[in-house]
1. Given points 7 Å out from each Cα along the Cα-Cβ axis, report the Asn111 to Asp144 separation in nanometres with one decimal.
2. Sequence-distant or interchain residues sharing an amide H contact under 5 Å with Val146, placed H: which?
3. Could you run the Karplus curve 6.51 cos²θ - 1.76 cosθ + 1.60 with θ = phi - 60° over the range 144-160 and give me ³J(HN,Hα) per residue in whole Hz, x for Gly and Pro?
4. Under the rule of at least 5 residues apart or a separate chain, name every residue whose amide H is placed under 5 Å from the amide H of Asn132.
5. Based on the alpha-carbon gyration tensor of the range 44-174 and its eigenvalue square roots a ≥ b ≥ c, which shape applies: rounded if a/c is under 1.5, prolate if not and a/b is larger than b/c, or oblate?
6. Considering only protein heavy atoms, what per residue accessible area in square angstrom results for the range 31-162 with a 1.4 angstrom probe?
7. If you roll a 1.4 Å probe over the range 103-173 with all protein chains in place, what percent of the accessible area is carbon or sulfur?
8. Work out how far the C-alpha atoms of the range 40-98 reach from end to end along every principal axis, then list the three figures in whole Å, largest first.
Amino acid sequence: MMKNLIFCVIVAFFSFFAFAAEQTSQRNGQYEKLPMGYGDIQLGMSVDEVKSALLKNHAFGYRGDRDVSFSPKDNQVLIETDGAYAPFSYFGRCWFQFTDGKLYIITINLNDEKVDHYSVFTSLCNKYGGPNQLSPKKSQWQNDDVMMSLERPLSLKYIDAKAFADRQGKAKVEKTYGEQNREEFLKGL
C-alpha cells in the first residue's frame, strides 16, 4: 500500500514538471519573429522598391520624388512622408533612411489622436514578447537582424542592426571633453 502511494506521488511529481516544462516552451515559442519593417516596406529594400511600395500605400501620404532628399557627401537618401492628411491614416511624419542604396532605418510617427502609446506597447508585447530594453523614453526589441523600438511620445522605429553597426564603426567619433568628464563623474559615484 505504501509503495503504491509513493509510486503515485512520484508519477504525479514528474507529470507536473513535464507539463510545466511543456507550457513554458510553448509560451516561449508563441511570439513572432521581429519584423524587418512595416507592411510591404522592409529594411534592405532599394530606394525604387520603397518608392513603389509607398505609392501603393496611401496612408503614408507619399507625394513622389519631391519627398526624396539626397546627401552627396555621405551618399545617403532620405524619403520623408506625411500621412497626417491621408484619410483614415494612423501615421504622421515618417522617414525612410538609406545607406549605400539600401533602406536601413524606418521611423513612423503615429497619430496620437487615433492611437495611444499604451495600446501600441501592449500590442507589441503580446506579439513579440517583452522588450529587451525598457526606459521612460523607449521600449526596444532586438535580435541579430533588427532593432525595433517604440519611442515617446509615439514613434515606431525599425533599424537594420547590421547596417547600423557598420555605420557606427565607420563613424568612430571621439568623445568630447564634456562626455569624458561626465563618464569620470559617474564612475566616481
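The values are calculated or read from the model by the stated rules, or taken from the named source; none is laboratory data. Here the structure is a predicted model, which means the values were calculated and not measured. Don't worry about glycine lacking a Cβ; one is built from the backbone with ideal geometry, like all the others, and counts go over all protein chains shown. These area figures cover heavy atoms from the full protein model, side chains too; ligands, DNA and RNA do not enter into them. Shrake-Rupley method; radii C 1.70, N 1.55, O 1.52, S 1.80 Å.
1. Here the answer is 4.0 nm between the modelled labels.
2. Ala161
3. Those phi angles translate into 5, 9, 9, 10, 10, 9, 10, 10, 7, x, 6, 10, 10, 10, 10, 10, 5 Hz.
4. For Asn132, the qualifying residues are Gln140, Trp141, Gln142.
5. Details: a/c = 1.99, a/b = 1.08, b/c = 1.85.
It is oblate, given that a/c is not under 1.5 and a/b is not larger than b/c.
6. Working: 7430 Å² over 132 residues.
Heavy-atom SASA per residue in the range 31-162 reads 56 Å².
7. Working: 1990 of 4070 Å².
Carbon plus sulfur share of accessible area: 49 percent.
8. The Cα atoms of the range 40-98 stretch 37, 18, 16 Å along their principal axes.
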